[in-house]
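Taking it in order: structure first as structure tokens, then the write-up.
The values are calculated or read from the model by the stated rules, or taken from the named source; none is laboratory data. Quantities reported herein were computed from a predicted structural model and do not represent experimental measurements. Note: ideal-geometry Cβ built from the backbone for every residue, glycine included; neighbour counts use all protein chains shown.
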Amino acid sequence: MRKYIIYILLFICTITYGSSKMSVIPVVKGVERIGGNFDMSLLKGVTISADSYETDLLYDYLLSSPLKLSKSSSNNGVLTLRRVDKVNGCDSPEGYSLRVTKRGIDIEAISGAGLFYGVQTLLQMSYGNKKIPCVEITDLPRFEYRGLMLDVSRHFFGKDFLKKQIDAMAYYKLNRLHLHLTDAAGWRLEIKRYPLLTSFAAWRDRPLWKDWWNNGRLYKNEGDTGAYGGYYTQEDIKELVAYAQKHFITIIPEIEMPAHSEEVLTAYPELSCTHVPYKQSDFCVGNEKTFEFLENVLTEVMALFPSEYIHVGGDEAGKLSWGDCELCRKRISDEKLKDNNELQSYLIHRVERFLNSKGRKLLGWDEILDGGLAPNATVMSWRGVEGGLKAIEAGHKAIMTPGEFCYIDSYQDAPDTQPEAIGGYLPLEKIYSYNPIPENISEEKTDLIYGVQANLWSEYIPTEKDVERMVYPRLLALAEVAWSDPSHKDFIDFRKRAIKAVDFLKSKGYFPFDLKNEIGNRVEAKKRIKHLGLGKKVIYLPKGKYYNGYTAGGDSALVDGIRGGWSYTDHRWQGFIDTNGLDVVIDLGKEKKIKYIGAEFMQICGPELFLPANVHISVSNDGKEYRVIKDIANEVVKDDKVTFKNFSWRGKMKARFVRYQAERGKFGGFIFTDEILIK
Ligand code: ACM
């Protein structure tokens, strides 16, 4: 009897939710197995009925797809794509129904995009399979905006490479490619009116961003010996946009303002506050010429990119030159602005009015909230989720791309097994765990969360292979976050599908990260540890207190038994930036036999985390008189690695109070530790 019950349960599971077995990414919403299989060798032709533009587009796509189909007018044994007025259970234009029977395959949707996504599901189901199960699938995306940002400024990647990424994005049902086209490291878009942007500001004297950044940050002329860089011609962009459209992907151009603009202000120094090249990163907001320039550039940008949204950057403005600039001060006074934040906001508002007057919308990083958000702007929330939440509170749309979950320039595995990255640790599981809709927000506000995006900044990503290793398979996790209903998400199952997807991507000439051999987080971080200090009182001595951006949970963090992982941003590492560094006393409550006192520190020089220069370990029985039991001097050396180093004492003694001091060295910056272990 028990055996029968198990069989029945298994049968029910297969009927109602067999999607995971199909190895489709992102996992589909509803699957019903209807019995039997369809023999893919019967699939020779396709019939499409949609509007003529979409029909042509879909024929084009399918006739050159791996299915190797021809146009067919017969309805038997073929694939039929039909645009309809309604698909039951599917109120999104990008949703679709897919019905596979023994005789043929029908896809229905209310738009060409929906039909296209039905095709992607079919392509994934049939990859490597002679037969596919007969099923009825109804599927639709959770979010309208499902994006990938590629930074093509810090290192340049050509149009054919972008097309290859568009192929993969479409396969996994992503629909926005955001190109970070301009930054200090190089301007990447031909603008006819300002030729120096591409004959000069697109070229630099060193290929590797880090070398260039640390060695004078010089630009070169196109064609000069050793000039590194590149740009997309306007013809390239037309080709790319058309290619993306065929894949139901919108390319969103980002033109940075008012900051990250050293390259422009070196080519056209009259747009900066001092008019001196190689000096500023922010446009002069007091100067009308700045607006003339921005509007002229945006006019050419809009002519090339049909995207509803134009991204104007807006992040990380230093605003340093504005205070000393007569024109900026006059602007502040004339416009009755309070401060430099409002001056930045003035620029963003004015550019928004210009974009809106041309029928476009402004998108910007969450700093565009500072000084007052432009009336119709959409916010890309990157410094956590707060910017996005603020935006939706004010009735604006937000795209969630918080660094902790969406910055795929972070390490995806043990840093010492990976090429140098910017830092952080964002493994597949973490990006997969992200829910762009925070708890406790109303349904009405939920609708303002427009979507989610993975960002690949390329400071440490010089080659195309590096891009693909960082993007895949993490982009697939983002795709499932963006498309699938959270109730259908299951990391263990996803990981299996992602491992297959890695093989698929390799077979198609991509260079994904080797997920099968992933090492995972630091072993120390995998389980809670016990020691004498666990849960004991910690007293932070004056000036030895942790920085409030990196508390790791506060006063008990160094004795909570929770060790840190590969990244100092994992909320397990406590950071110290005071002159004294770290200075704490742990009160064990009563005298204890002690044979070990130690702590581990992390160094990663990019974000200025250094090992301590001196460690002092001392003990006391009364909490007043301390006896130093170990002084450790350490030479702090800058390098490209992520380093973990233990500073400890071993011996035998009795004490109640343990004082651990770790001093910062000559480079200043932070020191970070995760636990003070007392055994
Ligand atoms: C950003 O990461 N500066 C948007």
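Mind checking which residues of the stretch 401-419 are aromatic (Phe, Trp, Tyr) and within 16 Å of the ligand (Cβ to nearest atom)? The answer is PHE405, TYR407. Looking at LYS489, LYS500, LYS465, just one residue is touching a residue at least 24 places away in the same chain (Cβ under 8 Å) and in contact with a helix residue (DSSP H, G or I) (Cβ under 7 Å, 6 or more places away or on another chain), and that residue is LYS489.
Tell me the residue from VAL452, VAL467 that is within 16 Å of the ligand (Cβ to nearest atom), of a type outside the set (D, E, K, R) and at pLDDT 95 or above, please.
Details: VAL467 fails: within 16 Å of the ligand (Cβ to nearest atom).
Criteria check complete, one pass: VAL452.
With respect to PRO375, determine if the residue is closer than 30 Å to ASN440 by Cβ, more than 16 Å from the ligand (Cβ to nearest atom) and of a type outside the set (D, E, K, R). Give the steps one after another, and end with the answer.
Details: closer than 30 Å to ASN440 by Cβ: yes; more than 16 Å from the ligand (Cβ to nearest atom): yes; of a type outside the set (D, E, K, R): yes.
The answer is yes for PRO375.
Listed here are the residues, each with its yes/no results for (1) surrounded by 23 or more Cβ atoms within 10 Å (Cβ to Cβ); (2) within 17 Å of LEU197 (Cβ to Cβ).
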site	(1), (2)
PRO253	yes, yes
PRO258	yes, yes
ALA267	no, yes
PRO277	no, yes
ASN296	no, yes
MET302	no, yes
GLU308	no, no
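LEU355 passes every criterion in (1) within 13 Å of the ligand (Cβ to nearest atom); (2) farther than 24 Å from ILE492 by Cα apart from (1). Close contacts from the stretch 444-458, counting a first residue that is farther than 11 Å from VAL379 by Cα and of a type in the set (Asp, Glu) and a second that is more than 12 Å from the ligand (Cβ to nearest atom) and assigned to a helix (DSSP H, G or I), with Cβ to Cβ under 9 Å and a gap of 6+ residues or different chains, come to ASP447/ILE392.
Only one of the listed residues (ILE441, ILE422, ILE461, ILE437) is within 16 Å of the ligand (Cβ to nearest atom), outside any helix (DSSP H, G or I) and surrounded by fewer than 22 Cβ atoms within 10 Å (Cβ to Cβ). That residue is ILE422.
Looking at ALA398, ALA421, ALA391, which one is farther than 21 Å from ARG176 by Cβ and among the hydrophobic types (A, V, I, L, M, F, W, C)? Working first, answer last.
On the way: ALA398 fails: farther than 21 Å from ARG176 by Cβ; ALA391 fails: farther than 21 Å from ARG176 by Cβ.
Answer to the check: ALA421.
In the stretch 44-54 there is no residue that is modelled with pLDDT of 95 or more and in contact with a helix residue (DSSP H, G or I) (Cβ under 9 Å, 6 or more places away or on another chain).
Taking the stretch 554-608, which residues are in a strand (DSSP E or B) and modelled with pLDDT under 95?
ILE604
Scan the stretch 121-141 for residues that are surrounded by fewer than 22 Cβ atoms within 10 Å (Cβ to Cβ) and under 30 Å from HIS311 (Cα atoms) and the total you get is 0.
Return a yes/no flag: does the stretch 482-493 have any residue that is within 16 Å of the ligand (Cβ to nearest atom), closer than 30 Å to SER65 by Cβ and modelled with pLDDT of 95 or more.
Applying the first criterion (within 16 Å of the ligand (Cβ to nearest atom)) to the stretch 482-493 yields none.
No: the stretch 482-493 contains no residue that is within 16 Å of the ligand (Cβ to nearest atom), closer than 30 Å to SER65 by Cβ and modelled with pLDDT of 95 or more.
Taken as a whole, the condition of being within 16 Å of the ligand (Cβ to nearest atom), under 18 Å from the mean Cα position of the chain (by Cα), among the acidic types (Asp, Glu) and outside any loop (DSSP other than H, G, I, E, B) does not apply to GLU429. Residue count for the stretch 216-247, restricted to those that are in contact with an Asp or Glu (Cβ under 8 Å, 6 or more places away or on another chain) and not in a helix (DSSP H, G or I): 13. Within the stretch 485-504, none of the residues are surrounded by fewer than 19 Cβ atoms within 10 Å (Cβ to Cβ), of a type in the set (A, V, I, L, M, F, W, C) and assigned to a loop (DSSP other than H, G, I, E, B). Of the residues ARG360, ARG383, the single one that is away from the ligand (no atom under 16 Å from the Cβ) and not aromatic (Phe, Trp, Tyr) is ARG360.
Residue under question is ALA391, and the condition is that it be out of contact with any Lys or Arg (no Cβ under 6 Å at 6 or more places or on another chain), of a type in the set (A, V, I, L, M), within 16 Å of the ligand (Cβ to nearest atom) and not in a strand (DSSP E or B); does it hold? Spelling it out, ALA391 is indeed out of contact with any Lys or Arg (no Cβ under 6 Å at 6 or more places or on another chain), of a type in the set (A, V, I, L, M), within 16 Å of the ligand (Cβ to nearest atom) and not in a strand (DSSP E or B). Looking at this structure, is GLU367 surrounded by fewer than 24 Cβ atoms within 10 Å (Cβ to Cβ), over 20 Å from PHE305 (Cα atoms), away from the ligand (no atom under 16 Å from the Cβ) and not aromatic (Phe, Trp, Tyr)? In short, no. Within the stretch 536-545, at least one residue is at pLDDT below 95 and basic (Lys, Arg).
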